[in-house]
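Read the structure below first, then the notes.
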Amino acid sequence: MKIRVLIGILLVGALPLTASAQSVTKSPMNEQYLPRLGDIMNNIQLRHIKLSFAGMAQNWELAAYELRQLRAGLEEAAAMYGGIPVTNVVTMTAPIDSIGDAIAAKDGKRFAKLFSELTAGCNGCHQSMGRGYIQMRVPTEQPFSNQVFPPRRTP
Ligand code: HEC
């Protein structure tokens, strides 16, 4: 019985979509959609890993781009989630700025050192917020086989 009611609701809900598939309107819930902190962090994790591989491949343009995205992700997290201690976010500013300098100087050695410091910063915040079980490290394997990390070769 319950299942039938559920199917009925699903079918009724599906009708407007089949009638005009194009008219996707924002529901009030969409208007106030707030990404979950874990989802923002998952994005930051992507930037973190891509930043690492861009730096290792000395693709400085890509590295600068990923660093911008990572910074924006952290700023977003801080702006949307008041519970995050500001100091924890501010601690990240120095390593991020320094990585920016290493990227501008195309200094691979400095980049690698600072990347470790940045990663320690991630873990510092996780530990201080009772999330010590979320441990980040410098990646060793590149999982994005559909993206090329070394700089594009100009013929
Ligand atoms: C200001 C504090 C803070 C900083 C800095 C921070 N995180 Fe987080 N992170 C958190 C919190 C809090 C959570 C748990 C979110 C939750 O409970 O929903 C989290 C969760 C995560 C997760 C788990 C996501 C999931 O749902 O699977 C990953 C991955 C992550 N962070 C990566 C990073 C990386 C990489 C960095 C550094 C570049 C970083 N974080 C820096 C506070 C921080």
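So that you can scan it fast, the table gives a plain yes or no per residue for (1) at pLDDT below 95; (2) open to solvent by 70 Å² or more (accessible area, probe 1.4 Å); (3) among the hydrophobic types (A, V, I, L, M, F, W, C):
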position: 88; (1), (2), (3): yes, no, no
position: 91; (1), (2), (3): yes, yes, no
position: 105; (1), (2), (3): no, no, yes
position: 108; (1), (2), (3): no, no, no
position: 116; (1), (2), (3): no, no, no
> Which condition does residue 66 not pass, out of (1) open to solvent by less than 30 Å² (accessible area, probe 1.4 Å); (2) acidic (Asp, Glu); (3) near the ligand (Cβ under 8 Å from one of its atoms), if it passes all the others?
Replying inline: (3)
>> As an exercise: evaluate residue 120 against (1) within 21 Å of residue 69 (Cβ to Cβ); (2) within 15 Å of the ligand (Cβ to nearest atom); (3) open to solvent by 30 Å² or more (accessible area, probe 1.4 Å); (4) part of a loop (DSSP other than H, G, I, E, B) and give the number of the one condition it does not meet.
In response: (4)
> Got at least one residue in the stretch 120-129 being closer than 16 Å to residue 49 by Cβ, touching a residue at least 24 places away in the same chain (Cβ under 8 Å) and out of contact with any strand residue (DSSP E or B) (no Cβ under 6 Å at 6 or more places or on another chain)?
Replying inline: yes
> Inside the stretch 36-65, can you point out the residues that are part of a helix (DSSP H, G or I) and either more than 20 Å from residue 116 (Cβ to Cβ) or of a type in the set (Val, Ile, Thr) (or both)?
Replying inline: 37, 38, 39, 40, 42, 43, 44, 49, 61, 65
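The values are calculated or read from the model by the stated rules, or taken from the named source; none is laboratory data. Note that the coordinates shown come from a computational prediction; the quantities given were computed from them, not determined experimentally. Neighbour counts are summed over all protein chains in view; Cβ atoms, including those assigned to glycine, are modelled from backbone coordinates with ideal geometry. To get the accessible areas, we keep the full protein, side chains included, count just its heavy atoms, and leave off ligands, DNA and RNA. Shrake-Rupley method; radii C 1.70, N 1.55, O 1.52, S 1.80 Å.
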